[in-house]
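The values are calculated or read from the model by the stated rules, or taken from the named source; none is laboratory data. Worth saying up front: this structure is predicted, and the values here are computed from it rather than measured. Here the Cβ positions follow ideal geometry from the backbone for every residue, glycine too, while neighbour counts run over all protein chains shown. Note: accessible area is taken over every heavy atom of the protein model, side chains too, but ligands, DNA and RNA are not part of it. Shrake-Rupley method; radii C 1.70, N 1.55, O 1.52, S 1.80 Å.
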Amino acid sequence: MLIIISSLYVKTDYAELTKSTSGGSSFMGYNRATSLLPKLICTLLLFLLLIGFLLPMDQATANASAFRLVVQATAGSAYRTEAAFTDKKLGKVLKEGQSRSGSSYEEALLPDTTLFFEDNGRTYIFGVTTNGEVVDPVSKSIITLPHNVQTSLSAHVQAVRAKHYGEMLPWEEASLVLPKYSKFTIVDVQSGLSFEGQRRAGSSHADVQPLTKEDSATLKAIYGGAWSWDRRAVLVKLNGRTLAGSMHGMPHGGDGIPGNDFNGHFCIHFLGSVTHGSRSIDPAHQVMVHRAAGLLIPYISKLSPWALIDVWISAANQGDLQLLQATTGTEQAVHVRSMRRLSKFPEQDVSQLLQLETAVSVTATPEGASAVVNRRVLFRLERASLDARWYIRSAVMQ
């Protein structure tokens with residue numbers, strides 16, 4: 001814009017100079033031309049000065065590296081949030097990344113935020129933690145960044161994750177945000193599908209109805225076309241707020257909205273909510289609430305061996321490979337179609353243990369079978385130190 005304005009000044013001065021010398025007294029024209037000459041020179045100098053300032057700025061912009069951040073709750077999630085930014089220093093560090101690798105990345109899962117960076121036709125892909133650590137997904141090593149670069153990257157990551165995930169509120173507070181008969185949008189964190197619902201009842205968690213038959217069809221599509229008790233991480237959006245929750249997809253109980261093709265209600269749980277029957281916390285729902293808040297690994301890392309086994313059983317029951325990996329630290333396969341815990345956990349103090357073996361009675365439908373059978377699963381767990389988290393190292397069905 002400044003260049004254009006300077007050009008107009010030059011054009012105006014030249015026009016006045018031409019006009020002055022083309023008619024009237026030659027002496028007057030000469031004097032006028034002489035008086036305009038300094039102005040013309042100053043304008044040209046200003047023009048050259050502006051070019052001198054602008055060209056380095058354009059060059060700096062061209063040299064700044066362009067990045068793209070993508071957040072997904074799981075690697076296969078269709079629901080994602082993206083953000084773009086530029087950072088010249090970060091690009092230089094990452095291109096030298098192989099020679100700047102630091103400590104090993106020890107978490108069970110790679111970060112939920114992926115950093116994409118293109119340079120000279122090559123695409124670089126890294127994981128990024130919330131505090132700005134860059135993880136090489138192949139070598140599972142952390143690339144060392146200068147402190148100021150890491151701090152800047154952390155700010156970008158936290159901003160995009162805040163847009164992607166939900167606010168984790170205790171049930172008592174969530175109940176006030178979603179009062180009875182309130183209407184809201186429900187987003188499935190895995191598929192990205194969304195529908196409208198209404199809280200109809202529920203004192204210990206929200207009993208919810210799809211608003212229309214189209215909303216019921218979407219809920220059914222989220223579960224692959226069949227109603228299901230499986231727990232899924234969801235975002236509940238109302239009045240500018242987004243809450244982290246967990247739903248199942250099985251119509252049950254009374255109440256209904258006429259014409260919505262949904263016979264009963266389904267449940268949405270929040271942090272610390274309990275079932276209406278047993279008045280107990282549902283472990284599978286709580287795991288999904290933390291997934292919807294982007295806090296899955298911090299949550300699982302603090303679980304006791306018994307709670308960790310419950311997560312493993314829920315993951316096996318739902319065929320959730322990410323949850324299995326989060327409990328074991330390694331990629332796992334699923335060899336059952338369903339699984340439920342039968343036996344109560346023993347009362348045992350594990351505060352001073354580094355290893356633990358325990359057998360748990362379950363009902364299961366083995367892969368390729370249709371009948372439900374009773375089995376015992378022998379779990380072996382261990383941790384590196386008394387302050388470290390527990391991992392399930394093996395689970396053998398007997």
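Surface analysis of region 145-261 yields an accessible area of 43 Å² per residue, using protein heavy atoms and a 1.4 Å probe.
Straight-line cross-link reach from K213 at under 17 Å between alpha-carbon atoms covers these aspartates and glutamates, not counting any fewer than eight positions away in the same chain: E196, D255, D261.
Of the accessible area of region 210-352, computed with a 1.4 Å probe over protein heavy atoms only, carbon and sulfur atoms account for 52 percent.
The charge dipole of region 287-398, taken about its Cα centre with unit charges on the Cβ atoms of Lys, Arg (+1), Asp and Glu (-1) only, comes to about 200 debye. Applying 1/(1 + (r/R0)^6) with R0 = 22 Å to the Cβ-Cβ distance of Q355 and I281 gives a FRET efficiency near 0.20.
Going through region 190-288, which trypsin sites (Lys or Arg not before Pro) have at most 12 other Cβ atoms within 10 Å and a DSSP loop state? Sites meeting the loop and neighbour criteria: R279. Below 13 angstrom from the Cβ of N374, what's the summed charge of the other residues (Lys, Arg +1; Asp, Glu -1)? Result for the local shell: +4.
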